[in-house]
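Visitor: I'd like to ask some things about the structure below.
The values are calculated or read from the model by the stated rules, or taken from the named source; none is laboratory data. Quantities reported herein were computed from a predicted structural model and do not represent experimental measurements. Cβ coordinates were reconstructed from backbone atoms using ideal geometry, including for glycine residues, and neighbour counts include every protein chain displayed. Accessible surface is based on the protein model in full, side chains and every heavy atom, while ligands, DNA and RNA are left aside. Shrake-Rupley method; radii C 1.70, N 1.55, O 1.52, S 1.80 Å.
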Amino acid sequence: MTDTTPTREKPIVALFATCLVDLFRPNVGLATVRLLEQAGFAVEVPQQQTCCGQPAYNSGDDDRAAALARQVIRQFERYSYVVVPSGSCAGTIITHYPELLRGDKEWQDAAYRLAERTWELTRFLTEVSGQQTEVPAEYAGRITYHDSCSGLRELNIRQQPRTLLSAVKGLELVEMEERDTCCGFGGTFCIKYPEISERMVSNKVEAIRQTGAETLLAGDLGCLMNMAGRMQRLNVPVRAYHVAEVLAGMTDVPAIGEEENR
Amino acid sequence: MQFSPQQFKPQARAALQDQDLQQALSRAKSGFIDKRRVAVEAFDDFEALRERGKRIRNHALEHMDIYLERLEAQVQAAGGHVHWAEDAEQARAIILELCHKASAKRVTKSKTMVGEEIGINEAMEADGLEVVETDLGEYIIQLAEEPPSHIIAPAIHKTRQQITELFDRYHHRGELKKKLREIPELVNEAREVLREKFLTADVGITGANFLIAETGSIALVTNEGNADLTHTLPRMHISISGIDKVVPTLEDASTLLRLLARSATGQEMSTYTTFVNGPRRDGDPDGPDEFHLVLLDNGRTRMLQGQFREMLRCIRCGACMNHCPVYAAVGGHAYGWVYPGPMGSVLTPLIVGLDKTRDLPHACTLNGRCASVCPVKIPLPKLLRQLRSEQYREGLMDSRNRLGLAFWGFFATRPRLYHTAAGLAIRVLHALSRGRGRFRRLPMAAGWTGSRDLPAPSRRTFQQVWKQQSKERGR
């Protein structure tokens, strides 16, 4: 990280880190920054960002969700690119903010403008930056990839992470059965209906185990925490990383939920 | 029909513990999904067909009044009768009266979900009628005295062993030694029992897959041919349908039938597709003397006017539940009423009221797989979200969740405070984890840690790390 090129010549990307990355796994945010910088962008992180509002939106608390949507729009509207290392938070901004703010024409227009400039990370790297062939990372081992639902069905993210991963040296991708079936996270769902969620994540863990992969990757920290937590409870020895960490070559930290090196 | 959507949570819990149910569900799941996928891939541009189906249904709903009037006129012209029922009670009363008029003792029925919606079986039985379900799955659950658990495969929750036991008890007085019989053997036995019922029934009741305004026909599809025996053999045929099933033309119906079979069972066409036009005419070799069409509203015109209209496009194929991971985990009975899975979680609250169905809109991860396979593109996750906001507005959310949201929202909308508080909380949690990287148990997160470990946060938040790095790098 000794980039000394003057940033004014580079296009600027604003990073929306997401609340889960901020609270639980800063490494995903740092990895995202590194990937964006490697792709030739200067990264800014607006300090006032908190959460995209999904917990409120998915609970039917539209007023609170709209307040957060306006807050995000205010903080990010001046950027040409906003990148999010999460399909579900990016999906909220891109597909749901305009719907959520439909009662107010001005805000809805602002939501549309932000939606046009907001990108899920892997999609940004493959479709905008065009740097996908020069990923220098290495990761020795067999991995399997879980397609998180919002990214998959709201933003059509399926091939992008695989394209990026195919350039990682030493990495072998083994697809799991039902790779596009929900892992049972669902935000507050996993707390409100823990038994159902447990069954869903257990099915998912079984599918992961069947691949023989040593590492599980995905593009959403919520799903990853859910699957990693279940695997650890069941003593399934598969490590879990966010796809950005592998792409950026930043897997020198403990995997999700793993003991810290002492 | 049992009514217990309020009990979703305990019912779901019980379903997860039920080994027979779990066995039956896991066997059924991939079958439906694979068959649909093969059928969809074999069809040239299924996506365009879905779009056409959606447009046909939207048009029909937009002009429902006109098409229903035309339907009524055409049914009458063919010698049939049309009855309008505003709610379940009226529909039951109409049907019972028709049965009395026909001096009926025995009534055969082919599968009708609207029949379940109005609870017609219980009403007829209480009235002293013998009611016989003739769809094999419906027949099985009638013997088991259970409601259907799926809208096209009502006995999907039953294992072969359970069916063997049921047939033994009802057909052989429990004297059979075999614990597990072959499927063809069971089917033939049911067929034999039902044949006599078909031939001696006084009234036959069917549903309707579509109502065709242009011709006054009702379309009926089955894979067993039981609907045809139900409506041609007795003296009177009563068809019950929701008013939403009307489509303008035969051409429209044929487009929708192509969508229906592929989405439901992965077939190009159901084995039997019949268009019924009124009673027997002079010179017809068979058919009933009387034909009655009972058209049920039961909340549908109300749905038509509001933000849930799109739900009325539903053609009852069951693809949404076949692809729903929650349905796959708990089965249909957990939902507590006629319509399970995603479509049921939207429809049930709209028919019976949000206050009695608090869990249904929430028992979903919003993963969107249902909408991606819906043949008429109903945005089910969006409708479920809308129901959640109605619940929230009406104060139907439990106070714990409401408080939790308010607490979180208070901080999330005050960034400075949020980051200070988050930084502190993270530091405390990290210290509590003592370098183990995760929590096995955490009292305030018991919903999470009951079944999985909770990854512990790092020492600092991303924002804190970023700030420090920026300072060091002079960003």
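Visitor: Only residues that are facing another protein chain (nearest Cβ under 7 Å) and either in a loop (DSSP other than H, G, I, E, B) or of a type in the set (Ser, Thr, Tyr) (or both): list them for region B:441-464, please.
Guide: Those that are facing another protein chain (nearest Cβ under 7 Å) and either in a loop (DSSP other than H, G, I, E, B) or of a type in the set (Ser, Thr, Tyr) (or both): B:Gly450, B:Ser451, B:Arg452, B:Asp453, B:Pro457, B:Ser458, B:Arg460, B:Thr461.
Visitor: In this structure, does B:Ile120 turn out to be closer than 19 Å to B:Gly207 by Cβ, open to solvent by 20 Å² or more (accessible area, probe 1.4 Å) and among the β-branched types (Val, Ile, Thr)?
Guide: Against the criterion (closer than 19 Å to B:Gly207 by Cβ, open to solvent by 20 Å² or more (accessible area, probe 1.4 Å) and among the β-branched types (Val, Ile, Thr)), B:Ile120 does not qualify.
Visitor: Could I ask something else about it? Output the number of residues of region A:241-262 satisfying the condition of being open to solvent by less than 10 Å² (accessible area, probe 1.4 Å), more than 9 Å from chain B (Cβ to nearest Cβ) and in contact with a strand residue (DSSP E or B) (Cβ under 8 Å, 6 or more places away or on another chain).
Guide: 4
Visitor: Within region A:141-164, can you find the residues that are over 15 Å from A:Trp119 (Cα atoms), touching a strand residue (DSSP E or B) at 6+ places or on another chain (Cβ under 6 Å) and of a type in the set (A, V, I, L, M)?
Guide: Of everything in region A:141-164, just one residue is over 15 Å from A:Trp119 (Cα atoms), touching a strand residue (DSSP E or B) at 6+ places or on another chain (Cβ under 6 Å) and of a type in the set (A, V, I, L, M), namely A:Ile143.
Visitor: If you don't mind, there's one more thing I want to ask. Given the residues A:Glu172, A:Glu195, which is the only one that is at the interface with chain B (Cβ under 9 Å from one of its Cβ atoms) and farther than 27 Å from B:Ser458 by Cβ?
Guide: A:Glu195
Visitor: In addition: Going residue by residue through region B:373-384, is there one that turns out to be facing chain A (nearest Cβ under 7 Å) and either surrounded by 15 or more Cβ atoms within 10 Å (Cβ to Cβ) or farther than 22 Å from A:Gln71 by Cβ (or both)? Show your work before the answer.
Guide: Taking region B:373-384 as the starting set, the residues that turn out to be facing chain A (nearest Cβ under 7 Å) are none.
Within region B:373-384 (the criterion being facing chain A (nearest Cβ under 7 Å) and either surrounded by 15 or more Cβ atoms within 10 Å (Cβ to Cβ) or farther than 22 Å from A:Gln71 by Cβ (or both)), the answer is no, since none of the residues qualifies.
Every residue, every condition in (1) surrounded by 19 or more Cβ atoms within 10 Å (Cβ to Cβ); (2) touching a Leu at 6+ places or on another chain (Cβ under 8 Å); (3) not assigned by TED's automatic domain parsing to the domain that holds B:Glu390, yes or no:
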{"site": "B:Ala253", "(1), (2), (3)": "yes, no, yes"}
{"site": "B:Leu260", "(1), (2), (3)": "yes, no, yes"}
{"site": "B:Thr273", "(1), (2), (3)": "no, yes, yes"}
{"site": "B:Arg281", "(1), (2), (3)": "no, no, yes"}
{"site": "B:Asp289", "(1), (2), (3)": "no, no, yes"}
{"site": "B:His292", "(1), (2), (3)": "yes, yes, yes"}
{"site": "B:Gly306", "(1), (2), (3)": "no, no, yes"}
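Visitor: If you check B:Tyr170 against the conditions, is it closer than 26 Å to B:Gly336 by Cβ and not basic (Lys, Arg)?
Guide: Spelling it out, it is not the case that B:Tyr170 is closer than 26 Å to B:Gly336 by Cβ and not basic (Lys, Arg).
Visitor: Which condition breaks for B:Trp337 when tested against (1) open to solvent by less than 10 Å² (accessible area, probe 1.4 Å); (2) in a loop (DSSP other than H, G, I, E, B); (3) within 18 Å of B:Gln11 (Cβ to Cβ)?
Guide: Exception for B:Trp337: condition (1).
Visitor: Please work out if B:Cys314 is within 14 Å of chain A (Cβ to nearest Cβ) and buried (at least 22 other Cβ atoms within 10 Å of the Cβ).
Guide: Numbers: within 14 Å of chain A (Cβ to nearest Cβ): no; buried (at least 22 other Cβ atoms within 10 Å of the Cβ): yes.
In short, no.
Visitor: From the set of residues in region A:175-200 that are of a type in the set (A, V, I, L, M, F, W, C) and open to solvent by less than 30 Å² (accessible area, probe 1.4 Å), which is farthest from A:Gln54 (Cα to Cα)?
Guide: So, considering only residues that are of a type in the set (A, V, I, L, M, F, W, C) and open to solvent by less than 30 Å² (accessible area, probe 1.4 Å), the one farthest from A:Gln54 (Cα to Cα) is A:Met176.
Visitor: Give the residues of region B:181-198 that are in a loop (DSSP other than H, G, I, E, B) and either of a type in the set (Val, Ile, Thr) or open to solvent by less than 90 Å² (accessible area, probe 1.4 Å) (or both), sorted by residue number.
Guide: Of everything in region B:181-198, just one residue is in a loop (DSSP other than H, G, I, E, B) and either of a type in the set (Val, Ile, Thr) or open to solvent by less than 90 Å² (accessible area, probe 1.4 Å) (or both), namely B:Arg181.
Visitor: Taking region B:426-440 as the search range and keeping residues that are assigned to a helix (DSSP H, G or I) and of a type outside the set (A, V, I, L, M, F, W, C), which one is most open to solvent (accessible area, probe 1.4 Å)?
Guide: At the first step, the residues of region B:426-440 found to be assigned to a helix (DSSP H, G or I) are B:426-433.
The next check asks that each one be of a type outside the set (A, V, I, L, M, F, W, C); those that pass are B:427, B:430, B:433.
Numbers: B:Arg427: 143, B:His430: 20, B:Ser433: 1 Å².
Looking at residues that are assigned to a helix (DSSP H, G or I) and of a type outside the set (A, V, I, L, M, F, W, C), I get B:Arg427.
Visitor: For region B:343-369, what are the residues that are more than 8 Å from chain A (Cβ to nearest Cβ), assigned to a helix (DSSP H, G or I) and open to solvent by 10 Å² or more (accessible area, probe 1.4 Å)?
Guide: B:Leu350, B:Ile351, B:Val352, B:Leu354, B:Asp355, B:Lys356, listed by residue number.
Visitor: In region B:224-242, is there at least one residue being farther than 19 Å from B:Asp65 by Cβ, part of a loop (DSSP other than H, G, I, E, B), open to solvent by 20 Å² or more (accessible area, probe 1.4 Å) and not basic (Lys, Arg)?
Guide: Yes, region B:224-242 contains at least one residue that is farther than 19 Å from B:Asp65 by Cβ, part of a loop (DSSP other than H, G, I, E, B), open to solvent by 20 Å² or more (accessible area, probe 1.4 Å) and not basic (Lys, Arg).
Visitor: Would you mind listing the strands (runs of 3 or more DSSP E) fully within region A:55-154 where at least 3 residues are away from chain B (no Cβ under 14 Å) and out of contact with any Pro (no Cβ under 9 Å at 6 or more places or on another chain)?
Guide: A:138-146
Visitor: Can you report the number of residues in region A:19-54 which are among the β-branched types (Val, Ile, Thr) and more than 7 Å from every other protein chain (Cβ to nearest Cβ)?
Guide: Number of matching residues: 4.
Visitor: Moving on to the next point. Picking from B:Thr232, B:Thr301, B:Thr265, which residue would you name as being closer than 27 Å to B:Val38 by Cα and among the hydroxyl-bearing types (Ser, Thr, Tyr)?
Guide: Going through B:Thr232, B:Thr301, B:Thr265 in turn, the sole match is B:Thr265.
Visitor: Identify the single condition in (1) at pLDDT 95 or above; (2) surrounded by fewer than 13 Cβ atoms within 10 Å (Cβ to Cβ); (3) of a type in the set (S, T, N, Q) that B:Ser26 does not satisfy, given that it satisfies every other one.
Guide: The number of the failed condition is (1).
Visitor: Answer yes if at least one residue in region A:201-209 is open to solvent by 10 Å² or more (accessible area, probe 1.4 Å), modelled with pLDDT of 95 or more and away from every other protein chain (no Cβ under 14 Å), and no otherwise.
Guide: Yes: one or more hits.
Visitor: Could you count how many residues in region A:227-240 are open to solvent by less than 30 Å² (accessible area, probe 1.4 Å) and either closer than 18 Å to A:Gly151 by Cβ or at the interface with chain B (Cβ under 8 Å from one of its Cβ atoms) (or both)? Talk me through it step by step, then tell me what you get.
Guide: Restricting attention to region A:227-240, the residues satisfying the condition of being open to solvent by less than 30 Å² (accessible area, probe 1.4 Å) are A:227-232, A:236, A:238, A:240.
Keeping just the survivors that are either closer than 18 Å to A:Gly151 by Cβ or at the interface with chain B (Cβ under 8 Å from one of its Cβ atoms) (or both) gives A:227-230, A:232, A:240.
Final tally of qualifying residues: 6.
Visitor: Checking A:Glu154 against (1) open to solvent by 10 Å² or more (accessible area, probe 1.4 Å); (2) in contact with a Phe, Trp or Tyr (Cβ under 9 Å, 6 or more places away or on another chain), which test does it fail?
Guide: Result: A:Glu154 fails condition (2) only.
Visitor: Have a look at B:Gly395, B:Gly404, B:Gly423 and point out the one that is among the small types (Gly, Ala, Ser), within 29 Å of B:Ala445 (Cβ to Cβ), part of a loop (DSSP other than H, G, I, E, B) and more than 8 Å from every other protein chain (Cβ to nearest Cβ).
Guide: Sole residue among the options that is among the small types (Gly, Ala, Ser), within 29 Å of B:Ala445 (Cβ to Cβ), part of a loop (DSSP other than H, G, I, E, B) and more than 8 Å from every other protein chain (Cβ to nearest Cβ): B:Gly395.
Visitor: Looking for whichever is within 30 Å of B:Gly278 (Cβ to Cβ) and open to solvent by 80 Å² or more (accessible area, probe 1.4 Å) here; the options are B:Lys35, B:Lys105. Which one fits?
Guide: Only one candidate qualifies: B:Lys105.
A quick yes/no check of all residues on (1) hydrophobic (A, V, I, L, M, F, W, C); (2) touching a residue at least 40 places away in the same chain (Cβ under 8 Å); (3) farther than 18 Å from B:Lys197 by Cβ:
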site	(1), (2), (3)
B:Ile94	yes, yes, yes
B:Lys105	no, yes, no
B:Thr112	no, yes, no
B:Tyr139	no, yes, no
B:Arg160	no, no, yes
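Visitor: Another question about this same structure. Being acidic (Asp, Glu) and touching a residue at least 24 places away in the same chain (Cβ under 8 Å) is the filter; apply it to region A:84-134 and report the residue that is surrounded by the fewest Cβ atoms within 10 Å (Cβ to Cβ).
Guide: Of everything passing the filter in region A:84-134, A:Glu134 is surrounded by the fewest Cβ atoms within 10 Å (Cβ to Cβ).
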